[in-house]
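Only one structure is covered here, and it is reproduced in the block below.
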Amino acid sequence: MFLEQFPGEGRYNGWIEVICGSMFSGKTEELIRRLNRAIIANQKMLLFKPMIDQRYHEENVVSHKGSSLIAVPVENSSEILAMVTDEMVVAIDEAQFFDEGLVDVCNQLAQRGVRVVIAGLDMDYKGVPFGPMPKLLCIAEYVTKVHAICLSCGNLAQFSHRTANESGQVLVGAVEKYQPLCRACYNKLAH
Ligand code: ZN
């Protein structure tokens with residue numbers, strides 16, 4: 001389990017954490033767990049999500065298990081910089097849907113002393129690195145890759161197989177459109 005590492009003695013530096021993985025890997029659940037700890041510590045926090053993701057509730061970030069936090073929907077990464085004032089923690093869910101400018105925004109926030117916590121899909125349904133995620137993984141101090149369970153064989157899963165017969169990189173949905181698969185089971189489907 002990821003545990004925050006505070007330098008102590010009044011010192012506080014910014015840093016970037018990324019939680020990545022496939023659909024149903026528990027990314028958002030882990031993001032919410034970390035943010036709830038920041039809230040308990042009385043740290044001022046802002047959570048953003050892309051405007052594109054409107055499943056469940058428009059202003060909540062909700063995990064598949066049902067826990068939730070209030071999130072600010074934004075259209076692009078530059079809106080995040082404009083809205084952050086004196087927050088100690090800035091979080092971004094579904095980061096894969098953001099523009100490439102998110103990388104610079106996260107760097108700027110961390111350099112200002114903000115703890116930046118990012119959650120997102122590392123690969124799209126074709127197994128290709130998704131949006132700004134690969135660069136975010138590179139610039140982060142801490143990376144956590146979480147895994148789902150393969151629905152076909154029970155091994156650890158890292159691919160989000162799309163069961164819906166629709167193309168296009170962005171197709172928001174849950175169980176009815178995707179299933180987590182391990183490498184072997186995913187490859188058997190010959191994408
Ligand atoms: Zn499998």
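The values are calculated or read from the model by the stated rules, or taken from the named source; none is laboratory data. Computed from a predicted model, the values in this text were never measured in an experiment. Using ideal geometry, Cβ is built from the backbone for each residue, glycine included, and neighbour counts are taken over all protein chains shown. These accessible areas exclude ligands, DNA and RNA; they are computed on the full protein's heavy atoms, side chains included. Shrake-Rupley method; radii C 1.70, N 1.55, O 1.52, S 1.80 Å.
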**Item:** Alpha-carbon spread of the chain, three principal axes, descending order, Å
**Value:** 53, 32, 29
**Complete:** Checking every Cys Cβ in the chain against the others at 4.7 Å leaves as unpaired C20, C106, C138, C153, C185
**Request:** Calculate how steeply helix 27-40 sits against the longest principal axis of the alpha-carbon atoms of the chain, using the helix alpha-carbon long axis, and give the answer as 0 to 90 degrees to the nearest 10.
**Result:** 20
**Item:** Euclidean distance between Cα centres, region 94-111 to region 114-191, Å
**Value:** 19
**Prompt:** What angle, in degrees between 0 and 90 and rounded to the nearest 10, separates the Cα long axis of helix 101-111 from the longest principal axis of the Cα atoms of the chain?
**Reply:** 40
**Asked** Using the alpha carbon gyration tensor of region 101-191, what are the three equivalent-ellipsoid semi-axes (square root of 5 times each eigenvalue), largest first, in whole Å?
**Response** 29, 15, 11
**Prompt:** Would you list H161, H147 from the most to the least accessible area, probe 1.4 Å?
**Reply:** H147, H161
**Item:** Relative contact order %, the chain, counting alpha carbon pairs below 8 Å whose residues are six or more apart
**Value:** 28
**Prompt:** How much area per residue is accessible in the chain when the probe is 1.4 Å and only protein heavy atoms are counted (Å²)?
**Reply:** 49
**Message:** Probe radius 1.4 Å, ligands and nucleic acids left out: which of S25, S78, S167 has the largest accessible area, and how do the rest follow?
**Reply:** S167, S78, S25
**Item:** Calculated [θ] (222 nm, deg cm²/dmol) that DSSP helices of n ≥ 4 give over the chain, each run adding -39,500 (n - 2.57)
**Value:** -6500 deg cm²/dmol
**Message:** With a 1.4 Å probe and all protein chains left in place, how much of the accessible area of the chain comes from carbon and sulfur atoms, in whole percent?
**Reply:** 52
